[in-house]
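Worksheet: one structure, shown below.
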């Protein structure tokens, strides 16, 4: 039998490492991932560096939550909103022909792949915190 808290800790630790590494690489080499996905390098690479910084900051939040699942669900609410809107916005602009479809793979790994776990965690933590409040 698996332990749901162990699963969430593992997911958030993995998300932390992924986001910190991806963000750091993107800050240091802002055009690298664009070129690897077949996109033109940006004339203003600081835009991708800013994206990398935000992704790395998410990573720190995931690390904090992985250490204490019940105390910081607000960090996952913020991440879930950002990753949901990032996914929807990217898909919308790709569908309109305003973004290269190659960006979908980047959004898949940066945002979409984590969303099922984040939504599952938010449902779980809401029940857990409510149950703790009743027990006290």
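Annotations for the structure displayed:
- Cβ pairs under 8 Å, 6+ apart, first in segment 65-81 and without any contact (Cβ under 8 Å) to a residue 12 or more places away in the chain, second buried (at least 18 other Cβ atoms within 10 Å of the Cβ) and in a helix (DSSP H, G or I): 72/61; 72/65
- Residue in segment 83-99 that is modelled with pLDDT of 95 or more, closer than 19 Å to residue 7 by Cα and touching a helix residue (DSSP H, G or I) at 6+ places or on another chain (Cβ under 8 Å) present: no
- Any chance residue 43 is out of contact with any helix residue (DSSP H, G or I) (no Cβ under 7 Å at 6 or more places or on another chain) and at pLDDT below 95: yes
- Within segment 101-122, the set of residues being outside any helix (DSSP H, G or I) and touching a residue at least 60 places away in the same chain (Cβ under 8 Å) comprises just one member, 102.
- Among the criteria (1) in a loop (DSSP other than H, G, I, E, B); (2) touching a residue at least 12 places away in the same chain (Cβ under 8 Å), the one residue 2 does not fulfil is (2).
- Here is the figure for segment 5-39: residues that are more than 17 Å from the chain's Cα centre (by Cα), surrounded by fewer than 18 Cβ atoms within 10 Å (Cβ to Cβ) and in a helix (DSSP H, G or I) total 6.
- Residue in segment 78-111 that is surrounded by the most Cβ atoms within 10 Å (Cβ to Cβ), counting only those that are more than 11 Å from the chain's Cα centre (by Cα) and under 22 Å from residue 17 (Cβ atoms): 106
- Only residues that are surrounded by 13 or more Cβ atoms within 10 Å (Cβ to Cβ) and assigned to a loop (DSSP other than H, G, I, E, B) were counted in segment 52-69, giving 1.
- Failed item, numbered, when residue 89 is tested on (1) part of a helix (DSSP H, G or I); (2) touching a residue at least 24 places away in the same chain (Cβ under 8 Å): (2)
The values are calculated or read from the model by the stated rules, or taken from the named source; none is laboratory data. This is a predicted model, so every value here is computed, not measured. When we count neighbours, we look across all protein chains shown, and the Cβ atoms used for this are built from the backbone with ideal geometry, even at glycine.
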